Amino acid sequence: MLWVNYLDNNPELVEYAKQFDDYNDIFKGKSLNCQADVVRQYIKVGRQSLVDDYQELMDMFKKREC
């Protein structure tokens, strides 16, 4: 969610990232997600695919606020 917001607010970085074929994060470790994964999905699949991925989580947060 944070990376989507960051990329949304920095369209020049999105344009720059489109120049590359792949994205890697040497610090990824064993986590399920890393910044390279998010950038890759944002650029290759599209912003909406990330929003769709975290929509269930956002809905859960909204329910807890009520």
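Coordinate-derived values only; no laboratory data. Treat the numbers as computed from the prediction; the structure is a model and nothing was measured. FYI the Cβ positions are ideal-geometry reconstructions off the backbone, even for glycines, and counts take in every protein chain you see.
Being β-branched (Val, Ile, Thr) and either surrounded by 13 or more Cβ atoms within 10 Å (Cβ to Cβ) or touching a Leu at 6+ places or on another chain (Cβ under 7 Å) (or both) is the filter here, so list the residues in the range 38-50 that pass it.
Let us first name the residues in the range 38-50 that are β-branched (Val, Ile, Thr), namely 38-39, 43, 45.
Matches in the range 38-50: VAL38, VAL39, ILE43.
Filter the range 1-28 down to the residues that are surrounded by 12 or more Cβ atoms within 10 Å (Cβ to Cβ) and not in a loop (DSSP other than H, G, I, E, B) and list them by number.
Answer for the range 1-28, where residues must be surrounded by 12 or more Cβ atoms within 10 Å (Cβ to Cβ) and not in a loop (DSSP other than H, G, I, E, B): TRP3, VAL4, TYR6, LEU7, LEU13, VAL14, ALA17.
Answer yes or no: is there a residue in the range 52-62 that is among the basic types (Lys, Arg), assigned to a helix (DSSP H, G or I) and within 10 Å of the chain's Cα centre (by Cα).
Within the range 52-62 (the criterion being among the basic types (Lys, Arg), assigned to a helix (DSSP H, G or I) and within 10 Å of the chain's Cα centre (by Cα)), the answer is no, since none of the residues qualifies.
Can you tell me which residue in the range 1-36 is farthest from TYR54 (Cα to Cα), limited to those that are touching a Leu at 6+ places or on another chain (Cβ under 7 Å) and among the β-branched types (Val, Ile, Thr)?
VAL14
Kindly indicate whether GLN35 is surrounded by 10 or more Cβ atoms within 10 Å (Cβ to Cβ) and free of Cβ contacts under 8 Å to residues at least 40 places away in the same chain.
Answer is yes for this residue.
Pull out all pairs, ordered by first then second residue, where Cβ-Cβ is under 9 Å, the residues are six or more apart or on different chains, the first lies in the range 44-56 and is over 13 Å from LEU7 (Cβ atoms) and in contact (Cβ under 8 Å) with a residue 40 or more places away in the chain, and the second is surrounded by 12 or more Cβ atoms within 10 Å (Cβ to Cβ) and not small (Gly, Ala, Ser).
TYR54/MET1; TYR54/VAL4
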